[in-house]
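S.K.: The structure is given below, and queries will be raised subsequently.
The values are calculated or read from the model by the stated rules, or taken from the named source; none is laboratory data. Bear in mind that the values here come from a model prediction, so they are computed numbers and not experimental data. All Cβ positions, even for glycine, are placed from backbone atoms using ideal geometry, and neighbour counts span all protein chains on display. Just the protein is used for accessible areas: all its heavy atoms, side chains included, with ligands, DNA and RNA removed. Shrake-Rupley method; radii C 1.70, N 1.55, O 1.52, S 1.80 Å.
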Amino acid sequence: MPNMPKVIKGFDEETTTLSYPEALEEAGRCYLCYNAPCREALPAKTDIAGFIARMRSRNFRGALRLVKETNFFPGITSRVSPYDQQCEEACLRKIYGGPVRIAELERVLAEYDRNSKNPYLPEIPESIDKTVAIVGSGPTGLSAAVELVLNGCKVIMYESARIAGGVFTKGIPSYLISDEVIEYEVNGVLELGVDLVTGINAGESINLVSMKRSFDALLLAIGMGVPRKLPVQGSEKGDIFTGLEILESLKLKEKRLRLGENIVIVGGGNVSLDVTAALLKLGIDTVTLLYRRDREHMPVFKSRYRLAEEMGVKIKFRTVLKEIISNDQRTITEVVCQKNELKEKDDSQQVVAEPIEGSEFTLPADTVIFSIGQELDRDLVEMFDLETTEEGRIKVDPETNQTNDSFIFAAGSCVERIDTLVDAIARGQDTARKIVRKLLEE
Amino acid sequence: MEVNLGLNFCGVNFPNPFVVSKVPPVGDVEIIAAQLEAGWGGVILRNASLNTAAGKQTITALRGKAPLYRGVDYEEKRIIDLGWIEPQAPISVEEAESSIRTLKERFPDSVVIAGMVGTSREEWLKVSRRLSQAGADMIECDFSISNGNSADVKTVIAHDLKLMEKASRYVREGARSTPVILKVPGTLPEREMIVETLKEAGANALNLFYEPKGVPGINLTNFIPFPNVGGKSTLSIMGGAAIKPYVLGILAEWGIANKRLGLSVLGGAYNWRDCVELILMGASILQFHGAVLQRGVRFVDELKSGVSDYLSEKMISSVEKLVGKSLPYFVTEENLPRSSLVAAAIDEEICTHCGICYQICEGLGYHAINFSDQRKPMIDKKKCVGDGLCVAACPVFNCMSLRRVSR
Ligand code: SF4
Ligand code: SF4
Ligand code: SF4
């Protein structure tokens, strides 16, 4: 029966955490390498050998403290960031029985903290009498806030959504991570004394002039807020969603989701895979994913692909969406696709996909989900008169992360391509340090 | 290749050199029978004494003083050492006699060693006589106890050579033709003198033991040391796997001093490699206590297989041929060769590039390992002094070694 609203109860987290005996054994496998390459391979530059050494002597608190110095969100990142492609990939233990399971160990510490009666709170230094406003409370904004507070700044954070967290709260399916874990770690930031204003669009509510009067600096960590849709023929009517919309509604418990029986998802990133896997988990198995190139070109985490594969994802490679066809009731009936051929460009490593004439075919469909990335929310950019790059991101001085307005800093995916949450966190921390340096110079 | 694990020790034929010492803590001859059934070469019964009223050991008495045992862990590794406060209370001569008879009847080919203690001429004479008459293959008299039953007389018999000599003569006399082992702490000084004196007094063998007193650890939550017996603790006997090096050291010293007495050793053997090492250092008979508590009676299979497979691989026909083989290589420090030149070497095939060797050599100040950007360690043979700490620390088994270098 098409288009029957489905009541979705939300997912239970499926990620498990090692028991202490397992964790100690795993920690015992680490060589505690000199100048360990695992650290360099994790964008947050966490002292992995250091925290593992502390775990081995059962100093879990000290180990957690060390992790939190570089990554305030270990419970989240160790669940959803591709450690297997970063630090674990670089682990020198790899050749003897596989890499040390660093994500698992970090998660044990995060859980240890979450279950502790006396959770870890860093010491806050004396105030340096500077106030920084941050717009956006995703991973970059939050980690910048932590670093600023730990350097003696006061931080006020603006978030347009109802709750803080950005991608943390919106973009990750609950079977990978429970809301409780996210909430715990996001609240940890607020506990440091960061003021949070939610449900507010910073630019509209406070103007730049008054901001400059009240704050010493402004950091934009607004991400790429607006999901893209392909301007194909027929894309203005019918059940057309974006991947993020679906993920977001799947996070809300007891939400009624109107989804059809024949779902076509366009795009080959992590979000498309997550949406597909989530729908498959709900028992909706007539989902087809269209991707314009091949598997090896998909910008996805190995673990997420594996999961979607296990769930039985159907992917049409080298395929693009050409047209969406609806009937008179504005109900989608089918989509027209076209096959691509892949050509290697002479001057670069890149492979370009070119449509093959006459290779069109149709697929039955009643719902189309676009998951082809996001773009910058232009409103703020225009309001603040910010320069942007060709890529459509905010232009900053890479040395200082300042925009063309030296009062305004920007960081995270609104500035550059960010692949993982750990990257986003590292950028936030790094930019916060730059801001402090600049404020102290003044 | 057929190898022989059996050996003749002071005229007694042992099917193998592995002997269970005084397990279980409370007397039940069936448990001891099960040990012989499982294939241990012999058993030592708990010490018999004429005076057992003071310390009759019962399960109820033990339970009132629990816990008795505490393991020592290192990081994720459990029980690298084991401590216990189990009192070794003597049993009555009657109980010992009946156990000897039962066991010898059922296991004529296994060795039953009767333990005993004494504090007077009468006791040494009588107990040894009765144990020998009951059919014990050997008698082991324990000199590690105090002379006298009153709590304030604390002279350990083994610390008084004259007393030991006297006692040995009585035991010898009482035991008649039954071979006598004297149990003395391995840490005693003046080993040559002791060996001479006790040999003269009629002893056949020494059982060296090393059971240092220690504290397995402290509970960091409530500050009470382990084991916590109703809120209090006391010194434990430490007798787990960690003591092997000390036992080897003791054997090395006694082995060199001793040409005339058989040597048995108690403690330190936790796998077949330990066994081979202790035998190479001069022990003929290996006694097990903590290891049997920890691993159970079947543990003997591992030991038997380990030692006999080692022997076949080395093409050595009998375990007897190993006894004391390492002693000639053991000298005092001032007699070490002065012209030994070695340098560290790395097996590149299995190196993980972890850099630990580099870190260590830098820390020692020799700067003999170069560590490239590609994380490849290279030994600078000119700078390497060959001290071997990097070899000890390399986390990959057999990856580093020391090689002789020519000048
Ligand atoms: S590379 Fe692997 S073995 Fe080495 S310190 Fe890192 S986690 Fe441990
Ligand atoms: S310590 Fe061993 S494994 Fe590590 S780099 Fe040195 S030789 Fe290689
Ligand atoms: S043996 Fe000593 S000097 Fe030689 S490389 Fe190793 S640590 Fe350095």
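S.K.: Is it the case that A:LEU273 is in a helix (DSSP H, G or I) and surrounded by fewer than 24 Cβ atoms within 10 Å (Cβ to Cβ)?
M.R.: no
S.K.: Related question: Give me the residue from segment B:357-392 that is touching a Pro at 6+ places or on another chain (Cβ under 8 Å) and under 19 Å from A:ARG93 (Cβ atoms) and, out of that set, nearest to ligand 1 (Cβ to nearest atom).
M.R.: Among them, the one singled out is B:ARG375.
S.K.: Now for a different question. Suppose we keep only residues that are touching a residue at least 24 places away in the same chain (Cβ under 8 Å) and under 18 Å from A:CYS38 (Cα atoms) within segment B:329-356. Which one would you say is nearest to ligand 1 (Cβ to nearest atom)?
M.R.: B:CYS354
S.K.: Same structure again: Check B:ILE31, B:ILE44, B:ILE100 and return the single one that is at pLDDT 90 or above and either touching a helix residue (DSSP H, G or I) at 6+ places or on another chain (Cβ under 9 Å) or charged (D, E, K, R) (or both).
M.R.: Only one candidate passes the filter, namely B:ILE100.
S.K.: Go through segment B:377-401 residue by residue and tally those that are surrounded by 13 or more Cβ atoms within 10 Å (Cβ to Cβ) and either within 7 Å of ligand 3 (Cβ to nearest atom) or among the charged types (D, E, K, R) (or both).
M.R.: Looking only at that region, the number is 12.
S.K.: Report, by residue number, each residue of segment B:381-407 that is among the β-branched types (Val, Ile, Thr) and away from ligand 2 (no atom under 13 Å from the Cβ).
M.R.: Listed by number, the residues that qualify are B:VAL385, B:VAL405.
S.K.: Follow-up question, since we're still on this one. Among the numbered criteria (1) within 16 Å of ligand 1 (Cβ to nearest atom); (2) exposed (fewer than 14 other Cβ atoms within 10 Å of the Cβ), which single criterion is violated by B:SER312?
M.R.: (1) is the only condition that B:SER312 fails.
S.K.: Quickly run through segment B:341-376 and pick out the residues that are facing chain A (nearest Cβ under 9 Å) and open to solvent by 70 Å² or more (accessible area, probe 1.4 Å).
M.R.: Passing the criteria: only B:GLN359.
S.K.: Regarding B:GLU196, is this residue in contact with a Lys or Arg (Cβ under 9 Å, 6 or more places away or on another chain), surrounded by fewer than 19 Cβ atoms within 10 Å (Cβ to Cβ) and of a type outside the set (Lys, Arg)?
M.R.: Considered against the rule, which asks whether it is in contact with a Lys or Arg (Cβ under 9 Å, 6 or more places away or on another chain), surrounded by fewer than 19 Cβ atoms within 10 Å (Cβ to Cβ) and of a type outside the set (Lys, Arg), B:GLU196 comes out as yes.
S.K.: Residues of segment A:225-249 being part of a strand (DSSP E or B) and touching a Leu at 6+ places or on another chain (Cβ under 9 Å), which ones?
M.R.: Within segment A:225-249, A:VAL226, A:PRO227, A:PHE241 meet the criteria.
S.K.: Within segment B:206-220, which residues are over 15 Å from the mean Cα position of the chain (by Cα), assigned to a loop (DSSP other than H, G, I, E, B) and surrounded by 13 or more Cβ atoms within 10 Å (Cβ to Cβ)?
M.R.: Passing the criteria: B:VAL215, B:PRO216, B:GLY217.
S.K.: Right, something else. Quick check: anything in segment B:333-347 outside any strand (DSSP E or B) and within 16 Å of ligand 2 (Cβ to nearest atom)?
M.R.: yes
S.K.: Taking B:CYS275 as meeting all but one of (1) more than 16 Å from ligand 1 (Cβ to nearest atom); (2) over 30 Å from B:GLY202 (Cβ atoms); (3) buried (at least 20 other Cβ atoms within 10 Å of the Cβ), write down the number of the exception.
M.R.: (2)
S.K.: Separate question: Surrounded by fewer than 22 Cβ atoms within 10 Å (Cβ to Cβ), under 28 Å from A:LYS45 (Cβ atoms) and at pLDDT 95 or above, is that true of A:ASP430?
M.R.: Yes.
S.K.: How many residues are open to solvent by 50 Å² or more (accessible area, probe 1.4 Å) and in a helix (DSSP H, G or I) when one looks only at segment B:64-101?
M.R.: Residues that pass the stated criteria total 4.
S.K.: Just for segment A:99-121: of the residues that are in contact (Cβ under 8 Å) with a residue 24 or more places away in the chain and among the basic types (Lys, Arg), which one is nearest to A:LEU24 (Cα to Cα)?
M.R.: If we take residues in segment A:99-121 being in contact (Cβ under 8 Å) with a residue 24 or more places away in the chain and among the basic types (Lys, Arg), then A:ARG101 is nearest to A:LEU24 (Cα to Cα).
S.K.: Checking the condition touching a residue at least 60 places away in the same chain (Cβ under 8 Å) and within 30 Å of B:GLY249 (Cβ to Cβ), which residue from B:THR102, B:THR187, B:THR155 passes?
M.R.: B:THR187
S.K.: If A:ILE222 passes every condition in (1) under 29 Å from A:GLY392 (Cβ atoms); (2) part of a loop (DSSP other than H, G, I, E, B); (3) at pLDDT below 90; (4) among the hydrophobic types (A, V, I, L, M, F, W, C) but one, which one does it miss?
M.R.: (3)
S.K.: Then there's this: State whether the residues of segment A:297-317 include one that is over 23 Å from A:TYR83 (Cβ atoms) and open to solvent by less than 20 Å² (accessible area, probe 1.4 Å).
M.R.: Looking through segment A:297-317, none of the residues is over 23 Å from A:TYR83 (Cβ atoms) and open to solvent by less than 20 Å² (accessible area, probe 1.4 Å).
S.K.: Right, next: If you go through segment A:36-46 one residue at a time, do you hit one that is outside any loop (DSSP other than H, G, I, E, B) and buried (at least 23 other Cβ atoms within 10 Å of the Cβ)?
M.R.: There is at least one residue in segment A:36-46 that is outside any loop (DSSP other than H, G, I, E, B) and buried (at least 23 other Cβ atoms within 10 Å of the Cβ).
S.K.: Any residue at all in segment A:116-129 that's surrounded by 24 or more Cβ atoms within 10 Å (Cβ to Cβ), more than 13 Å from chain B (Cβ to nearest Cβ) and not aromatic (Phe, Trp, Tyr)?
M.R.: For segment A:116-129, residues surrounded by 24 or more Cβ atoms within 10 Å (Cβ to Cβ), more than 13 Å from chain B (Cβ to nearest Cβ) and not aromatic (Phe, Trp, Tyr): absent.
S.K.: Count, please, the residues in segment B:248-282 that happen to be among the aliphatic types (A, V, I, L, M) and closer than 19 Å to B:GLY71 by Cβ.
M.R.: Final tally of qualifying residues: 1.
S.K.: Is segment A:17-36 home to any residue that is more than 19 Å from A:LEU176 (Cα to Cα), more than 14 Å from every other protein chain (Cβ to nearest Cβ), touching a helix residue (DSSP H, G or I) at 6+ places or on another chain (Cβ under 9 Å) and touching a residue at least 40 places away in the same chain (Cβ under 8 Å)?
M.R.: No, there is no match, as no residue in segment A:17-36 is more than 19 Å from A:LEU176 (Cα to Cα), more than 14 Å from every other protein chain (Cβ to nearest Cβ), touching a helix residue (DSSP H, G or I) at 6+ places or on another chain (Cβ under 9 Å) and touching a residue at least 40 places away in the same chain (Cβ under 8 Å).
S.K.: OK, next. Within segment A:85-98, can you find the residues that are open to solvent by 40 Å² or more (accessible area, probe 1.4 Å), within 16 Å of A:GLY28 (Cα to Cα) and either in contact (Cβ under 8 Å) with a residue 12 or more places away in the chain or within 6 Å of ligand 1 (Cβ to nearest atom) (or both)?
M.R.: A:ARG93, A:GLY97
S.K.: Could you go through segment A:42-53 and let me know if any residue there is within 9 Å of ligand 1 (Cβ to nearest atom), more than 9 Å from chain B (Cβ to nearest Cβ) and touching a residue at least 60 places away in the same chain (Cβ under 8 Å).
M.R.: Among the residues of segment A:42-53, not one is within 9 Å of ligand 1 (Cβ to nearest atom), more than 9 Å from chain B (Cβ to nearest Cβ) and touching a residue at least 60 places away in the same chain (Cβ under 8 Å), which makes the answer no.
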